[in-house]
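Input: a single structure, listed below in structure tokens.
Just so you know, all these numbers are worked out from the coordinates, no wet-lab data involved. Nothing here was measured: the structure is a model prediction, and the numbers come from that model. Cβ placement follows ideal geometry from the backbone for every residue including glycine, while neighbour counts extend to all protein chains displayed.
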Amino acid sequence: MLRSYFRRVPLLINRVDKHFVNTTAKKTPSLDNYLAALGKGLDFFGIHGPTADEITKDLDLSNKTCLITGANSGIGLEMTKVLSSRECTVLMACRNPYAANMVAKNVCGNSHRLKLYEVNLASLRSVKKCSDEILKQQAKIDILILNAAVFGLPWTLTEDSLETTFQVNYLSQYVLLMNIEKILAPDARVVIVSSESHRHVSWDFNNQLTPTEAMVSLPKSQYTSIRAYNISKLCAIHFMHYLSYRWLNSGKSVFCAHPGTFVKTRLCRNWWPYELLYTCMRPFSKSISQAASTPLYCATSPELNGLSDVYYKDCRRCEVSDLAQDLHLSFRICDLTKNLIRDRVSLTEEARVKELAAFPDQAKHTIDENTLVANYTG
């Protein structure tokens, strides 16, 4: 049935409101206007596939609660809009709660179905605070979609001294999931948005045997934004393998989904050459609504009941790369992830102790850090 959707016909591609675009690489007004005009000229073509509405049209999700990271723009916003229209309660985990609140009111019809949570994925402390709020306020979560991502950044380190793309796209979302695991429904579905770009990662045999921090959190000398992005998406697939084993015979399931290539969202906003490239590729790429269809198919389709640990592309099951199929590597990556988190938590605790010694009046306002290591490492 899905195969009949994939054909070429004219369509109108969704746009993201420029009010919410925040680039790190400056664009001149003339260049900005040129890109906008070019985008308008390319809005009449596209590769067709099922839209998010078509994938979910027969579903009643009135008794479901879904948490989505990066829910205030692009594919995340489209999934939020569609799920809330199916009476699903959507928890929007976003870095910018003001922008999320604006789009919730202006874009989503059932805004009363939405709940906002602020989280900065470049900060483990922020992830801990967000997960604590979710645990306090929510009884259960039926669907979790780890969608947030960054791309095209210059080399930067987070406050936790990790390369930003790796932490935002993978490690912090690993932490978020593990922290709220105990309120996942017995039949919960987790969808991790990955990418076909995972196929472009190559590690030699020694690195596969003993993964190191420098392999995943790239040092400046080895960094390119594309390489960092590809590695983060490969780690996402290994995370899927680990979760599937962890939840074996539990009723919970986990999938990875590739939404599409060169989908024009805010993901490309950080460097104007990428934005130009993505704009030029619009005739050959999916609309945002079409890109949201595969993650939503994995999250909601009754056809996938009883399945887990599967990678989907164009709403079809797809094999991953040889490197991504290595289950032994999945557990090594997971062990490395736990060590990275444990080390950062220790440093955070030391810094907090020094802060409280200098400012004792703040003690009554502190978050209890005693359970950080246990929560972060699962």
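Worth a mention:
- Ranking of PHE255, PHE166 by count of other Cβ atoms within 10 Å, fewest first: PHE166, PHE255
- Converting phi to 3J(HN,Hα) with the Karplus coefficients 6.51, -1.76 and 1.60 and the offset θ = phi - 60°, the range 115-131 yields 9, 9, 10, 8, 8, 9, 6, 8, 9, 5, 5, 5, 4, 4, 4, 4, 5 Hz in sequence order, with x at every glycine or proline.
- Inter-label distance, ASP204 to LEU248: 3.3 nm, where each label sits 7 Å from its Cα along the C-beta direction.
- Counting Lys and Arg as +1 and Asp and Glu as -1 over every other residue whose Cβ lies under 11 Å from the Cβ of SER111, the net charge comes to +4.
- Violating pairs (Cα-Cα greater than 28 angstrom) within the set LYS105/LYS286; LYS105/LYS129; LYS81/LYS252; LYS105/LYS313: LYS105/LYS313
- Full extension of the chain between ASN339 and TRP155 gives 64.0 nm of extra length, using 0.36 nm per residue less the Cα-Cα distance.
- Local net charge near LEU329, Cβ-Cβ under 11 Å (Lys/Arg +1, Asp/Glu -1): -2
- The local environment of TYR229, defined by Cβ-Cβ distances under 13 Å, has a net charge of +1 under the rule Lys, Arg +1 and Asp, Glu -1.
- Taking each residue as 0.36 nm, the span from ASP132 to ILE226 lengthens on full extension beyond its C-alpha to C-alpha distance by 30.6 nm.
- Label zone at ASP53, where the point sits 7 Å out along the Cα-to-Cβ direction: the range 94-126 residues whose backbone N lies under 16 Å: 107-110
- Taking 25 Å as the limit for the C-alpha separation, the pairs LYS128/LYS220; LYS233/LYS338; LYS220/LYS338; LYS57/LYS128 exceed it in the case of LYS128/LYS220; LYS57/LYS128.
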